[in-house]
Amino acid sequence: MTNENTSAGNTISTGNTAELTGFAALGITGALLKATHGAGFTEPKPIQTQAIPPQMEGRDIFGIAQTGSGKTAAFALPILSKIIALGTKRRAKTTRALILAPTRELAVQIEDTIKILAKGAHVSTALVLGGVSRFSQVKKVAPGVDILIATPGRLTDLVREGDLILSDTKWLVLDEGDRMLDMGFINDVKRIAKATAPDRQTVLFSATMPNEIAELAKGLLKNPIRVEVAPQSTAAAEIVQGVVFARTKQKRQVLSTMLADEAMKSVIIFSRTKHGADRVTKDLERDGFKAAVIHGNKSQNARQKALNDFREGSVRILVATDIAARGIDVPGISHVVNFDLPDEAESYVHRIGRTGRNGMDGIAITLCDPSENSKLRQVERIIRSKLPIVADHLGSPDPVRNPAEKNERFEPANDRNDRNGRRDGRRPGGQNNGFGKKRFGDKPAFAGAGERKPEGAKPFKGNNKRRFGGKRPAARAA
Ligand code: AMP
């Protein structure tokens, strides 16, 4: 039987009169096809049409796609299909497939999608994430799992301690590669990839393609098929964007006045720093608004609760840092407010991409202090258009601060409290089993609660030798 993609890439001639359509045409069959339809996925999205058939043939994939494109099912369905076909064959402390994600929220979201798609099949999944109990994760992977979804830091710890063995891992997915890079995970990722089976199949997805990602792809992927759905760094068309000029001292009042408008049904407010996110949340509460907040100093449970409350609509305002919000798929966000401009202009595109999804309208408003003008120009360069000015408050005086608040000490929230005293849930040390020694300064350990640097900024700028216990890591890991 010869399989042939039509111009739509979606219908395959089977050599007889019957024609397969939808996911069946991409090679998805049986219980998996049923569960896919059960999930409401009847027509494949373009990234799925492009990426599933070559993966089914065993090819590596280099995908440029953003969250919202349907990339999770694009990489998960072929892996599930193969694992189901092979049947149950797990070895203790191993995983057959490994999916690496930069943030805990994205990892949780990926596992949720996989569980839905694997409904009715005997496929085991597990999560390995920082910020939650290490013990329960070790217990979960002890008998061996089919698909492990992990953030690189905690996974590195488990491998280093000998609680997880990657040599049987035949499928490796790196999701949001560019964000992994931004968060300083790249060496962890290379080390992890090197520990997996040499004949593995690898998929790398990234929303953008900086040079370092192209380099990473060269090192990790074998003769990959390149798939791409959204033009790089181009904001979605259905988002109405605008800028409000306001001095930093005016931003709180401007924001509260905006939020009084009930048309702002579901709002995500971005802050460049964790400290800033806490302050915005506190100021909103003082101004009578209920808001949830997510950032890297919050425990996994607190982050998940904030996200659930926002998703379910019990709070209409979510304050987030770029990294914590990355990859989050909450449908129906009506407005994105940038309380400040991001350090990297590309983050602007990711921020505003939280709204205007699935053909719905979205509005993105950016508050800009004169000191942020150069960042605004960089954003305008990237989106290739000038942001219309919605309002300009620069001629107005600064609001007078409530004297009662003046004496209040602002305590940035930090509810992450590991027994070992570290915020990322990692152990302070570890044996050296060839997977690196304890590393100081690695993201996200020891990031100060009150720090003002952007979340995810690389914390270590000195000599790399110290960071890797005197040894430089191999330049290319696979
Ligand atoms: P992702 O980019 O993987 O985060 O997916 C974005 C959203 O699209 C998720 O809410 C998925 O449930 C949804 N989705 C993915 N594939 C399909 C499909 N073929 N049909 C309908 N919805 C889909």
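Each reported figure results from applying straightforward, stated rules to the coordinates on display, with no laboratory input. Predicted, not measured: the structure shown is a model, and the values here were computed from it. Cβ: placed from backbone, ideal geometry, glycine included. Neighbour counts: every protein chain shown.
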Quiz item: Restricting attention to the alpha-carbon atoms of region 217-340, what are Rg (one decimal) and Dmax (integer), both in Å?
Solution: 16.9, 56
Self-check item: Reciprocal of mean inverse Cα separation for region 122-206 (Kirkwood radius, Å)
Solution: 13.3 Å
Quiz item: Binning every alpha carbon pair distance of region 293-409 at 10 Å from zero, what are the percents per bin?
Solution: 11, 36, 33, 19, 1
Self-check item: Phi to ³J(HN,Hα) by Karplus 6.51 cos²θ - 1.76 cosθ + 1.60 over region 274-280, Hz, x for Gly, Pro
Solution: 5, 4, x, 4, 4, 5, 4
Quiz item: Summing +1 for each Lys or Arg and -1 for each Asp or Glu, what net charge is found among the other residues whose Cβ lies under 9 Å from the Cβ of residue 336?
Solution: +2
Quiz item: In region 249-327, what trypsin sites (Lys or Arg not before Pro) fall in a loop by DSSP, with at most 13 other Cβ atoms inside 10 Å?
Solution: 265, 290
Quiz item: Which ³J(HN,Hα) values in Hz, rounded to whole numbers, follow from the phi angles of region 103-117 under the Karplus curve 6.51 cos²θ - 1.76 cosθ + 1.60, where θ = phi - 60° and Gly and Pro get x?
Solution: 10, 5, 4, 5, 4, 4, 4, 5, 4, 4, 4, 5, 4, 5, 5
Self-check item: Per-selection Rg to Rh, region 45-228 - Cα, Kirkwood hydrodynamic radius
Solution: 0.92
Exercise. Would you order 188, 343, 178, 398 from fewest to most other beta-carbon atoms within 10 Å of each residue's own beta-carbon?
Key: 398, 343, 178, 188
Quiz item: residue 49: net charge of surrounding residues, Cβ under 13 Å, Lys/Arg +1, Asp/Glu -1, itself excluded?
Solution: 0
Self-check item: Note, ³J(HN,Hα) from phi for region 40-47, Karplus 6.51, -1.76, 1.60, rounded to Hz, x at Gly and Pro
Solution: x, 8, 9, 9, x, 7, x, 5
Exercise. Between residue 390 and residue 43, take the C-beta separation as r, use R0 = 25 Å, and let me know the FRET efficiency to the nearest 0.05.
Key: 0.10
Practice problem: Taking just the C-alpha trace of region 275-348, give me its Rg and Dmax in Å. | Solution: 12.0, 33
